[in-house]
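Below: one structure, written as structure tokens.
The values are calculated or read from the model by the stated rules, or taken from the named source; none is laboratory data. Quick caveat, the model's predicted, so the values are computed rather than measured. Counting neighbours? That spans all protein chains shown, and the Cβs are built from the backbone with ideal geometry, glycine included.
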Amino acid sequence: MGTTNKLVPVENPTEETLLRVVQILRGMVDTAGHADDVQEIKAKLADCLKSVLEEVERRHGAASHSLDPTTGLPDRAAAEDAILKAYAADTPACVGVLAVDRLTTLSLRFGNKVGDEILRHYAETLRQQLPSEDRLFHWSGGALVALLMRPARIEQVRREFGRLVDTGYEHTVNTPSRVVHLPILPRWAVWPMMASPALLIQKLDSFANMQTRPEPPGNG
């Protein structure tokens, strides 16, 4: 065969890398003299186009969405985008939501650092234990949302999600006068895809707002 240049797959290619790939392919086209050469070029062009499209999508996502600084998770905009895409593709999925009970009250009493540590604990727990095809997001305040990509029955998905979050976590706070052990009780729910994305997002908001509202003085 007349083609001698080798193209090595690269993850997250830069513009410079993609330009170099195009230049190599152009040279291969100029020197192609056999049918086998043409077939090889077509295959490499397909790989190159795939890389370009993936890079464009990755950069679009990075520009449109941001990461929550507390948890390091994609933000609400990314969650809504993922939910809309799952609806559009008719993907078999459920949506799980977790909200830390009394998180706002604990943050007010012991400081925002404590609230952030508790939320990070659950973010890390879910991030490490959810299957790789599932996606985890920070929704708002003390609420996390998981897009659970699986065709299982809703009852089974609820049992699996519940086992991940009902772990009996206790958070330790060192105050100037004593050590305080805080039993943390997350509240959670799992819903199937509903009649519309708007209805599902409304339920997520209602759940998150209910769980993160500060308690009246004297109840904490």
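Per-structure values
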| read-out | value |
| --- | --- |
| Residue under evaluation residue 136, criteria (1) touching a Lys or Arg at 6+ places or on another chain (Cβ under 9 Å); (2) in contact (Cβ under 8 Å) with a residue 40 or more places away in the chain; (3) not in a strand (DSSP E or B), criterion not met | (3) |
| Entirely in segment 71-129, the helices (runs of 4 or more DSSP H) that have 3 or more residues that are farther than 26 Å from residue 193 by Cα | 103-110, 112-129 |
| Residue among 157, 173, 180, 145 that is part of a strand (DSSP E or B), in contact with a strand residue (DSSP E or B) (Cβ under 6 Å, 6 or more places away or on another chain) and buried (at least 18 other Cβ atoms within 10 Å of the Cβ) | 145 |
| Whichever residue in segment 165-194 is out of contact with any helix residue (DSSP H, G or I) (no Cβ under 8 Å at 6 or more places or on another chain) and hydrophobic (A, V, I, L, M, F, W, C) and, among such residues, is modelled with the lowest pLDDT | 185 |
| Given (1) over 23 Å from residue 162 (Cβ atoms); (2) surrounded by fewer than 19 Cβ atoms within 10 Å (Cβ to Cβ); (3) touching a residue at least 60 places away in the same chain (Cβ under 8 Å), number of the condition residue 81 does not satisfy | (3) |
| Residue within segment 188-204 that is over 18 Å from residue 86 (Cβ atoms) and among the aliphatic types (A, V, I, L, M) present | no |
| Unmet criterion (only one of (1) surrounded by fewer than 11 Cβ atoms within 10 Å (Cβ to Cβ); (2) under 19 Å from residue 68 (Cβ atoms); (3) among the small types (Gly, Ala, Ser)) for residue 196 | (2) |
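Results for (1) more than 13 Å from residue 188 (Cβ to Cβ); (2) polar (S, T, N, Q), shown as yes or no for each residue.
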position: 77; (1), (2): yes, no
position: 80; (1), (2): yes, no
position: 94; (1), (2): no, no
position: 105; (1), (2): yes, yes
position: 117; (1), (2): yes, no
position: 121; (1), (2): yes, no
position: 129; (1), (2): yes, yes
position: 140; (1), (2): yes, yes
position: 143; (1), (2): no, no
